[in-house]
Each structure stands twice: as C-alpha cells, then as structure tokens.
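Contents: one structure, followed by commentary.
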Amino acid sequence: GVAERITADGAVETPLDEGAVGELAVRLVELGVEAVAIMFLHGYRNPAHEERAREILLTAAPDLSVSTSFDVSPEIREFERCSTTVLNALLQPVISGYLTQVRARLAAAGVSAPLYLVQSNGGVVSPEDAARLPAKLLLSGPAGGAMAMDALAKQHGRRNLVGIDMGGTSSDVSVVTDGAIGQTTESEIDGLPVRLPMIDIRTIGAGGGSLASVQQGALRVGPESAGAEPGPACYGRGGTRPTVTDGNVLLGRVDPEAFLGGEMVLQVESSKEAFEVNICKDLDLSDSAAAEGVVAVANTHMAGAVRLSLFEKGADPADFSLVPFGGAAGLHACALAEELAMDEIIFPSNASTLSARGILDADLRWDFSKSAMTIATADMLASLSAKMAELVTEAARKLRQEKITEPDQQIEISADLRYRGQAYEITTPWLDISAADPQADLNALQALCDRFHALHQTRFSHNAPDDLVEVVALRAVATGKLEKHSARAAGRAAASPARTERKVCIAGKWRTVPAISREEALAAGAPIPGPLLVCEEYTVLLIAPGWQLSPLGHGDLLARRTGETA
C-alpha cells in the first residue's frame with residue numbers, strides 16, 4: 001500500500017504519498033501488470049486520493065486498466081468494497097477486448113443499430129459504461145430470465161412467481177413478490193462478496209449436465225458438471241459418467257430421435273451403461289430406479305434453493321406460482337411444485353430462450369449510491385435530504401448525457417435501513433422527498449421508517465417501531481425507456497408434432513402417455529389431464545399425474561394441480 005488517510009467524515013488527515021504511487025507505477029509497468037484496483041479505507045466518503053492515484057498510474061502507464069472503489073461501489077464496508085473493486089479490475093481488460101471484437105464484427109456485417117449490454121440489475125448500458133464497470137455484468141444472463149418472468153407476471157395478472165432457470169450446468173432461482181422483482185445489493189462469486197445492486201438470484205450446481213455419483217453409499221448430484229464437452233453420456237462424445245439428462249433419457253422422458261428438433265440423436269445405451277457402471281452396481285438398483293433417484297436428488301436441490309429464496313423474504317412457497325424455463329426445467333416442474341406445495345405452474349413459450357427474451361424488454365439503467373451512516377431523525381433530515389438531492393442530480397445528469405428524452409426518464413430513490421446495532425439492512429423505497437419543503441420531507445421520512453418497520457415484520461416476523469432507525473446508504477436508480485422489440489410467439493414444435501405415445505417411467509411405474517406438440521396443447525378445448533409430454537424443439541414438458549394442462553394466452557400454458565393421481 002501507500003501512505004494516505006482520509007477520515008470517516010471525509011477530511012484529509014494524511015496526504016497521499018504521490019511519490020510512492022509513482023514508484024509503484026514504474027514497478028507495475030516492469031511487471032507487465034494489465035489491471036489495478038485502488039481501494040483506500042474511506043475512499044467512499046472522499047474519492048480525492050483514489051482519483052489522484054489513478055491519474056498518476058495512467059500517466060505512467062496509459063494502457064493500464066484502473067478501477068477505483070469510489071467508481072465501483074462507493075459504500076461503507078471496506079472488505080466488500082475491496083473485493084468488488086478487485087473483481088471489476090480483473091474483468092476490465094477481458095470485457096474491453098470482447099467489446100472491441102464485437103464492435104468490429106458488427107461493423108463488418110453492416111450493423112448500425114446501437115449496442116447495449118445487459119447488467120445483473122436487469123437494465124442495459126452502453127459498451128463504454130460496460131467496459132468501465134464490467135462487474136455489473138455478472139449474472140446478466142439469469143437477470144434476463146427474471147425480467148421475462150416479471151413481464152409474465154404483469155401479462156397474466158400474477159403477483160407472486162418463482163422462476164427456475166435450469167440449463168446444462170446450473171439452476172438459477174429468481175422471485176417476483178407482490179408484483180416486484182427481488183433485488184439485492186449483496187452477492188457472492190466463488191466465495192467472495194460482491195456489493196452491487198442486482199436482481200436477487202440464487203444459483204446452485206444442479207442442471208441437466210450435473211454429474212451423478214455414489215459417495216459413502218448415497219447418491220450425489222452436482223455441483224460437478226459434464227459441460228457441453230463431452231456432455232452427458234447420451235451425447236456420444238466420450239462422456240462416461242451419468243448426468244441428470246441421462247436419467248431423463250433412461251426414464252423415457254426425452255425422445256432420443258427428436259432431441260434439438262431431431263438435429264441430434266441421443267444414445268440411450270450409453271446412458272444405460274453410465275448408470276450401470278457408476279450407480280446401479282454400487283446401490284443394487286435397476287437403471288430406471290437409479291435414474292429416478294438421480295432426478296429426485298436434483299429436484300431436492302432445486303426445491304431447497306427455492307425455499308431459501310422465499311424464506312429469506314418471509315414468504316410461503318404455497319402462495320407462489322412456478323415458472324420453469326431453460327432447456328431442462330420443464331421436465332422437473334411438476335415434481336418441484338409438488339415438493340414445494342405449489343398448485344400452479346406457468347410454462348412460458350420459448351422457455352429455452354426466455355432469458356434472451358427478457359433482455360429484449362430491458363431499459364437503460366444506472367445505479368447511484370452514497371453512504372450515509374445517519375440516524376433517521378428530524379435533526380438529520382436536512383443532511384439526508386441534501387445527500388439524496390446530490391444523488392438525484394447525478395442521476396438526472398446521466399440521463400441528459402445519454403440523451404434520454406424527458407418522457408422516457410425515471411428516477412427512483414431508496415435507502416438502506418436497519419435498526420441501530422444491526423449488521424444487515426433492508427433497501428426501502430423513499431417516496432415524495434423534495435429537499436424543498438421541510439415539513440413534507442419530514443412526513444416522507446416518517447413514512448420511510450414506517451415502510452421499513454413493515455418490511456422488517458414481513459421478512460423477519462418481528463419489528464421494533466420504538467427503536468432508532470439508521471440510514472446506512474442512499475440509492476437512486478435512473479432509467480431510460482427503450483423501444484421494445486420482444487416477440488411473444490409460441491415456440492416451434494418438435495420434428496414430429498403429430499400426437500404420438502411414449503413409454504415413460506413416473507413414480508416407479510412405466511406408463512404409455514400421450515406426447516403432443518405445444519400447438520396441440522394450445523388448441524385444446526378443455527384441460528388435458530396428465531400424465532403427458534409436451535414436445536418442443538428445444539425443451540420437453542412433463543405433466544405428471546394429478547395435474548392438468550390448459551392454454552393461458554400469448555403461447556403460454558398453465559398447469560394446475562387437481563389432487564388426483566393415476
């Protein structure tokens with residue numbers, strides 16, 4: 001490190017040792033360093049030393065990628081701020097290189113449309129902003145799925161939805177509660193904390209390619225994955241260990257002749273051999289029993305992730321509808337819903353590409369924050385109002401710089417609140433603050449605290465209205481509306497859309513069940529009882545006994561639990 005000290009109130013106690021920074025710059029150049037993260041103890045309060053250190057480094061090494069904590073995460077908690085800034089610095093040269101290639105290819109193809117990148121908060125930004133703050137792109141793919149799920153909620157009049165995005169390697173859980181997408185400012189990447197505004201997404205290592213094994217006499221599924229190469233054993237690309245996809249193939253739930261719309265023929269015998277060698281002989285099970293066990297373990301992992309996501313919000317899974325998407329989730333949806341005591345499943349059209357569809361609905365978004373560390377009392381109102389006004393001014397300036405017309409502008413403000421002495425906060429909307437009318441602002445502050453008490457009661461089943469409320473951070477979100485191009489057409493049918501029948505193993509029984517296209521399901525004049533398969537080009541829906549399927553509109557399907565079994 002280098003000598004400097006700014007106090008917690010932003011005053012300079014020890015000037016920055018610029019000579020030491022210059023010497024460090026020379027060493028970094030000699031070592032061939034590509035990226036540097038700068039984080040000083042109270043840089044969130046006063047960025048002067050971080051900005052000056054960056055100037056010195058860039059003067060000595062103009063090609064260096066430099067991230068400062070004030071730019072990336074200007075909030076209290078030095079460890080989280082440091083790890084987030086380091087992550088941003090690590091990604092800067094990589095993302096900049098990618099963007100250079102993308103722009104060159106678009107130009108060569110004659111594409112003149114504006115380029116945007118989706119962030120983990122559900123909004124999009126320009127390539128310039130993305131290259132400066134690439135840490136905000138983390139989990140951007142799953143964020144697109146959450147955005148699409150939010151659109152589904154509004155379209156079908158649902159207030160509470162849980163999305164499970166099951167792909168090849170992992171499953172991502174996101175939640176719409178009371179009509180709003182779950183948001184957070186804290187996450188983890190490979191065990192390191194990331195403090196940035198983002199959609200609240202819980203990721204677990206349970207996907208179609210998750211490897212199954214026997215460890216200490218018990219089945220284990222994931223987090224290790226077969227990946228795309230070699231992939232599941234049934235791909236015939238050299239994989240010899242069983243996966244969740246191999247289990248579904250053995251159970252007859254995936255037509256090996258129609259995988260990827262018939263572009264790829266799956267090798268059932270390879271799946272069978274993988275199970276027999278790695279699981280059946282160790283547990284003395286038939287291949288179908290072993291396959292059902294593997295699928296059940298994967299379902300339990302996913303159900304656990306859903307429970308945690310909802311319990312953290314003080315919510316009951318029974319009050320939610322399940323939205324399965326990604327290529328693999330449709331096969332697991334009914335079993336998941338039953339384990340979670342859910343009675344309704346919405347199967348969206350184009351489920352395998354739902355995240356991409358959600359990105360098409362995204363707007364421009366920029367997040368601004370400022371640490372406050374102030375008690376929410378009338379005495380501190382003027383200070384809080386002034387700080388919030390600074391954030392709103394900064395947000396409005398960004399909207400003007402991006403040439404967002406006034407009708408398409410929106411600024412929302414909130415505050416991270418906690419009871420004094422707590423170590424966690426709840427981000428709470430702050431409405432009607434003006435910084436011009438003290439009495440109105442006092443009323444808005446009281447309403448803010450009342451809202452926090454109510455949220456605390458919902459989330460933790462208790463609150464303390466007589467305790468002091470501390471404002472840890474202030475936030476402003478600037479949104480620029482974009483023209484929407486999302487299509488809500490139904491997905492294409494699989495290679496053989498005509499009604500057929502397949503032998504499928506469900507709950508230990510082999511049954512002959514109808515296999516129909518989504519088009520046939522959408523055209524049905526009455527609910528279709530399970531069990532049945534709905535076969536699409538890139539996904540399959542398994543409607544279990546005790547469920548019935550009906551059209552919902554916009555190419556989507558609705559499954560409801562009847563309680564009957566067959």
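The values are calculated or read from the model by the stated rules, or taken from the named source; none is laboratory data. Predicted model, so just to flag it, every value in this text is computed and none were measured. A quick note on method: Cβ atoms are made from the backbone with ideal geometry, for glycine too, and the neighbour counts reach across all protein chains shown.
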Close pairs from region 510-530: first more than 30 Å from Ser286 (Cα to Cα), partner polar (S, T, N, Q), Cβ under 7 Å, at least 6 apart
Ala524/Ser550; Pro527/Gln548; Pro527/Ser550; Ile528/Gln548
Return the residues of region 154-169 that are surrounded by fewer than 21 Cβ atoms within 10 Å (Cβ to Cβ) and either closer than 18 Å to Ser309 by Cα or modelled with pLDDT of 90 or more (or both); say none if nothing qualifies.
Lys154, Gln155, His156, Gly157, Arg158, Arg159, Asn160
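Rundown of residues vs (1) touching a helix residue (DSSP H, G or I) at 6+ places or on another chain (Cβ under 8 Å); (2) not small (Gly, Ala, Ser), yes/no style:
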{"residue": "Arg5", "(1), (2)": "no, yes"}
{"residue": "Val26", "(1), (2)": "yes, yes"}
{"residue": "Val29", "(1), (2)": "yes, yes"}
{"residue": "Gly32", "(1), (2)": "no, no"}
{"residue": "Ala37", "(1), (2)": "yes, no"}
{"residue": "His42", "(1), (2)": "no, yes"}
{"residue": "Pro62", "(1), (2)": "no, yes"}
{"residue": "Ser67", "(1), (2)": "yes, no"}
Reported set for region 7-60 where residues are among the basic types (Lys, Arg) and part of a loop (DSSP other than H, G, I, E, B) is Arg45
Please enumerate the residues belonging to region 410-433 that are in contact (Cβ under 8 Å) with a residue 60 or more places away in the chain and under 16 Å from Ala180 (Cα atoms).
Glu412, Ile413, Ser414, Thr427
Which of the residues spanning region 325-341 are touching a helix residue (DSSP H, G or I) at 6+ places or on another chain (Cβ under 6 Å) and assigned to a loop (DSSP other than H, G, I, E, B)?
Gly327, His332, Leu340, Ala341
Sort out which residues of region 145-182 are over 18 Å from Gly326 (Cα atoms), under 12 Å from the mean Cα position of the chain (by Cα) and either assigned to a strand (DSSP E or B) or in the same structural domain as Arg459 (by TED's automatic domain parsing) (or both), and write them in order of number.
Ile181
For region 432-449 the number of residues that are modelled with pLDDT under 80 and under 35 Å from the mean Cα position of the chain (by Cα) is 5
Which one is farthest from Leu196 (Cα to Cα) among residues in region 115-130 that are touching a Leu at 6+ places or on another chain (Cβ under 6 Å) and assigned to a helix (DSSP H, G or I)?
Pro127
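Going through region 209-225 one residue at a time, which ones are in contact with an Asp or Glu (Cβ under 9 Å, 6 or more places away or on another chain) and part of a loop (DSSP other than H, G, I, E, B)? Outline the logic, then answer.
So the first thing to find is which residues in region 209-225 are in contact with an Asp or Glu (Cβ under 9 Å, 6 or more places away or on another chain), and the list is 210-214, 217.
Correct list: Gly217 only.
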Checking Leu552, Leu541 in turn, the sole residue that is assigned to a strand (DSSP E or B), aliphatic (A, V, I, L, M) and surrounded by fewer than 21 Cβ atoms within 10 Å (Cβ to Cβ) turns out to be Leu552
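So, in region 121-131, of the ones that are over 15 Å from Arg357 (Cα atoms) and in contact (Cβ under 8 Å) with a residue 12 or more places away in the chain, which residue ends up nearest to the chain's Cα centre (by Cα)?
First, the residues of region 121-131 that are over 15 Å from Arg357 (Cα atoms): 121, 125-131.
Then keep just the ones that are in contact (Cβ under 8 Å) with a residue 12 or more places away in the chain; that gives 121, 125-127, 129-131.
Numbers: Asn121: 8, Val125: 17, Ser126: 20, Pro127: 21, Asp129: 20, Ala130: 17, Ala131: 20 Å.
The selected residue is Asn121.
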Can you confirm whether region 114-132 contains a residue that is out of contact with any helix residue (DSSP H, G or I) (no Cβ under 8 Å at 6 or more places or on another chain), of a type in the set (A, V, I, L, M, F, W, C) and surrounded by fewer than 21 Cβ atoms within 10 Å (Cβ to Cβ)?
no
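Just need a number here: residues in region 121-141 that are of a type in the set (Ser, Thr, Tyr) and at pLDDT 95 or above. Break it down into steps so the answer makes sense when it comes.
So in region 121-141, the residues of a type in the set (Ser, Thr, Tyr) come out as 126, 140.
So of that shortlist, the ones also at pLDDT 95 or above come out as 126.
Here the count works out to 1.
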So is Ala315 within 19 Å of Gly179 (Cα to Cα) and either surrounded by fewer than 19 Cβ atoms within 10 Å (Cβ to Cβ) or not acidic (Asp, Glu) (or both) or not?
yes
Unmet requirement for Ala315, which otherwise passes all of (1) assigned to a loop (DSSP other than H, G, I, E, B); (2) in contact with a helix residue (DSSP H, G or I) (Cβ under 8 Å, 6 or more places away or on another chain); (3) modelled with pLDDT under 95
(2)
Here the residues within region 227-285 that are assigned to a helix (DSSP H, G or I), free of Cβ contacts under 8 Å to residues at least 60 places away in the same chain and acidic (Asp, Glu) are Asp246, Glu269, Glu273, Glu276
Examine region 532-551 for a residue that is over 24 Å from Ala289 (Cα atoms), modelled with pLDDT under 95 and of a type in the set (Val, Ile, Thr), and state whether such a residue exists.
no
So, Leu322, is that one outside the structural domain of Pro232 (by TED's automatic domain parsing), part of a strand (DSSP E or B) and either under 29 Å from the mean Cα position of the chain (by Cα) or at positive phi (or both) or not?
yes
Tally up the residues in region 282-296 that are surrounded by fewer than 17 Cβ atoms within 10 Å (Cβ to Cβ) and under 17 Å from Leu211 (Cβ atoms), please.
3
Top-ranked residue in region 41-64 [being modelled with pLDDT of 95 or more and buried (at least 23 other Cβ atoms within 10 Å of the Cβ); ranked as nearest to Thr14 (Cα to Cα)]
His49
